[in-house]
1. Is it the case that some residue within the stretch B:85-99 is surrounded by fewer than 22 Cβ atoms within 10 Å (Cβ to Cβ) and closer than 30 Å to B:Ala281 by Cα?
2. Out of (1) in contact (Cβ under 8 Å) with a residue 12 or more places away in the chain; (2) more than 21 Å from the chain's Cα centre (by Cα), what's the single condition that is false for B:Ala183?
3. More than 14 Å from chain B (Cβ to nearest Cβ), in contact with a strand residue (DSSP E or B) (Cβ under 8 Å, 6 or more places away or on another chain) and either under 25 Å from A:Ser36 (Cα atoms) or exposed (fewer than 15 other Cβ atoms within 10 Å of the Cβ) (or both): does that describe A:Leu272?
4. Can you find a residue in the stretch B:368-382 that is of a type in the set (D, E, K, R) and facing chain A (nearest Cβ under 10 Å)?
5. If you take the residues in the stretch A:196-237 that are more than 14 Å from every other protein chain (Cβ to nearest Cβ) and of a type in the set (D, E, K, R), which one is nearest to A:Leu280 (Cα to Cα)?
6. Name, by its number, the condition in (1) farther than 24 Å from B:His265 by Cβ; (2) crowded, with 16+ Cβ neighbours inside 10 Å; (3) in contact with a helix residue (DSSP H, G or I) (Cβ under 8 Å, 6 or more places away or on another chain); (4) not hydroxyl-bearing (Ser, Thr, Tyr) that does not hold for B:Arg70.
7. Quick one: count up the residues across the stretch B:158-193 that are among the aromatic types (Phe, Trp, Tyr) and modelled with pLDDT under 95.
8. B:Ala306 is checked against (1) within 14 Å of chain A (Cβ to nearest Cβ); (2) buried (at least 19 other Cβ atoms within 10 Å of the Cβ) and fails just one. What number does that condition carry?
Amino acid sequence: MSLTGGAARIGALALLGFVIAPSAQADTIFVSNEKSNTVSVVDGGKLQVVATIKVGRRPRGITFNEDMTRIFVCVGDDNRIDVIDVATQKVVDRLPSGPDPELFVLDPQGHRLYVANEDDNMVSVVDIASKKIIGEIQVGVEPEGMGVSPDGKILVNTSETTNMAHFIDTDSHKIIDNVLVDARPRVAQFTGDGRFVWVSSEVGGTVSVIDAASRKLVHKIGFAVQGVPRESIQPVGIQLTSDGQRAFVALGPANRVAEIDARTYEVKRYHLVGQRVWNLALSPDEKRLYTTNGVSNDMSVMDLERGRVVKSISVGGAPWGVIVKP
Amino acid sequence: MSRAAALLSVAAALLFGAPAWGADPLEVRIGYLTRAEEPRIPQTFLEPVSEDEGVQGARLAIADNNTTGRFLNQRFDLVEVTVPEDGRVEDAVRDLAGQGIRLLVADLKEDALLAAAAAPEAGDMLIFNTRAPDDDLRNERCRANLLHVTPSRRMQADALAQYLASRKWMNWLLVVGRTPQDAAYADAIRAAAKRYRAKIVEEKRWTFEDANRRVDTGHVTVQSEILTFTQGTEHDVLVVADEADGFGEYLLYQTWLPRPVVGTHGLVPTAWSRVHEQWGATQIHSRFERQAGRWMRPRDYTAWMAVRAVGEAATRTKSADPAALAAFVRGPDFALPAFKGQGLTFRDWDGQLRQPVLLAGPRVLVSVSPQPGYLHQFSELDTLGDDRPESRCRNR
C-alpha cells in the first residue's frame, strides 16, 4: 500500500466514522444471557455495557412491544414472560406463556405474542392487554422458531424434531400447510415484502427459502467454510435488510456469520465472530450487525459499511437473543 | 403385544388426544423384540429398579413419529414382543415376519441378537441393535442386516481415553470384574490406552463374591476391603470394568491413593445420561419422564433413536415401504438429530451409528467426546471406535 493510498483510506474511514457516529450512538442494544439470568444493556455509541437487568431463569427469546417502551423476555425455566420497562430498566410485569417458552414473535399490530412452547408441542397465543392465553395451537415436536407475516395474517412456526415449518392462519388458529425442511429448524423470518420465509436448519446445515403463498421451497442455501468441519456449520439466527438485498445468517459453532445476496441466494462472504454465534440483530439504520456468541460470552459488532467486525463486547453468561432500539 | 392389544392401545391413544389422521394413512409398523430377564438391580438406592428399560424409549419415539405423521398422513405402530427367558428369539422373528414386520428394534444381548439376525425370516429385515455394545458384532461377527445404534465398547473407551489424554492422566490402574462382559470392556480399555498412548500400569481382578446391596453396617467391610485391594503401583486414575454394577460403585472415595474412578463407574462414557441437558435434551427428558415416570436410561435412548430413524426415513421418503425406508436409513442422505448437536449417520463399513459420547459424572455432565483437537480426514466422530481401515467386518 502506498503512503498516499493509505492516508487517503484512513481519511475516508475517518469521514465515514464521522458520518456513522450520530445514528449509531443513539442505539441501545439489549442482550438476553441464558446462563446468568440477566439482560445486558449496551450503549451503541460507547459500545459498552451500561446496565444489567435481572430477570427470571433461562432468558432466551427477547422482543420489544410495538412502541419500544417495553421488552418481553421468555424466561423458560420459570415458564413465563418477563416484561421490562425500557425507561427504568426494571422488570415491571409478567405474562403467562405456557410451559417452557423459548422463542416468540409480536404480531405487527402489537396486541398478541405468539409463543413456542418447546415442551408441549404447542404454540400459545398471548393477549398482552388482558395478560391471558387466548389460544393454543398443536404443532410438531419441539416447536421453536416463530415468524409472522408483515400483514399479521400468517404465522410460521418451526418444530425441531418434526422438521417442518407450520403455516398457521392467525384468525382461525388453524394450520393451513406444513413444509418439510432440513433437520432441526430453528428460526423463521419473513422477508420485508412478505413473499418469502427463510428457515434455518441447525443440524441440516442449510437455510430453506419458502414461497409464502404457494408454500413451495424456492431455494436451499448451503454453506462451506474452509477448515471448518461440515457438522460445525449450524445455521440459526437470520437477519434480512429492509431493501431485500442482503441477508445474514449466524452459523453457530462455525463461529461465522454468512453474508448472502438475498436475490441470488449466493453466499458472498463469511465473517469471523465469537464462539457459537446464535442470534443476530441489525441496527435500525442497518449500518451495523450485532451478534450473540454463546460460548465466548460476548457480542460482536459488525460494521456493515466496512464489512468487518469492529468490536467484541463482554456481556453476561451464554448470551442468546439480541434486539436494538434506535 | 398381541394384535388385539395393539389395536386397543391405538384406540386408547386416540381417546387421549393423540393425533388424528385422515382417511387411510400410510401405516409403518415397527417390531420391538426383547427377552424376559431378571431386572437389573443397581448398587445405588437412588436409582429405581425398572422392568421397562428400552421399550419406553421406543414408545416415546412412536409418539414423536405420530406427531409428525399427523401432518403427512402417516401412522406408526410398535409391535412389542417379549420372548420368555428360555424362549427362542428365532420363533419370535418368524412370527413378526408373518405379520409383515421388516423393521425390527432388537433390545437383545449379543448371542440372542445374532440368533435373531440369523433366522431365515430375518434375511430381508433391517434390525437395529439398541443394546449390545460388543466389539466383535461390529467386526468378525458383523452381519449385513444389522445396524448398531448403541455405541460399541470401543467407542466408549476411546471417548474416555481422549478425555483422560486431554488431562494428561496417562497412567491407569485397571480393575476388572468377573464377567465376560467385564473382560470385553477391559479389552476395549486396553485398545484405547494403546491408541492414545496411555499406560496401564497394573491390572487387578475383582474376585470378591458379589454381595447383596442391602447389608447392615456393610460399609465397614467395604472400607477395609477396598483400601487393601487398591494398593499397588502409582497411577493417575483407576479405570473400573464392572458392567453388571456389582462393585464399581464401592470404589469411589475408598481407594488407597486419592485418585478419581472412571469407566463403568465414576466418570462414565455413555450414550445417554440424565445429567445431559444440552442441544435440546431438556425436552426429551421431560417428555420421557412424563410418559415413563422415571429417568431415561441409555437403552431407552438407543431404542428412541432406532424408531426415530425409521420415522425420519418415512418423513423424507413419504413412503411406508420397509425396503424404501431401510434403503434411506443406510443411504447418504440420512442424518438423525438426537440431542447431540449434530446429525448422526451410520458407518457403511460396519453399520455402527456415529455419535458423540457423553462423559457423565454422578451429578453433572463433565464433557462430551470427541475432544477438541482429535482430528480426522472425514469425520471427527470416526476418532471413536473402529475406523474404516481397522474394521474386520467382511460380511457387509
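1. No: the stretch B:85-99 contains no residue that is surrounded by fewer than 22 Cβ atoms within 10 Å (Cβ to Cβ) and closer than 30 Å to B:Ala281 by Cα.
2. Result: B:Ala183 fails condition (2) only.
3. When the stated conditions are applied, A:Leu272 passes them.
4. Yes: one or more hits.
5. Applying the filter and picking the extreme gives A:Asp211.
6. (3)
7. Of the residues in the stretch B:158-193, 0 are among the aromatic types (Phe, Trp, Tyr) and modelled with pLDDT under 95.
8. (1)
The values are calculated or read from the model by the stated rules, or taken from the named source; none is laboratory data. Just so we're clear, the structure is a prediction, and the values are computed from it rather than from any experiment. No Cβ is skipped: glycine too gets one built from the backbone with ideal geometry, and neighbour counts run over all protein chains shown.
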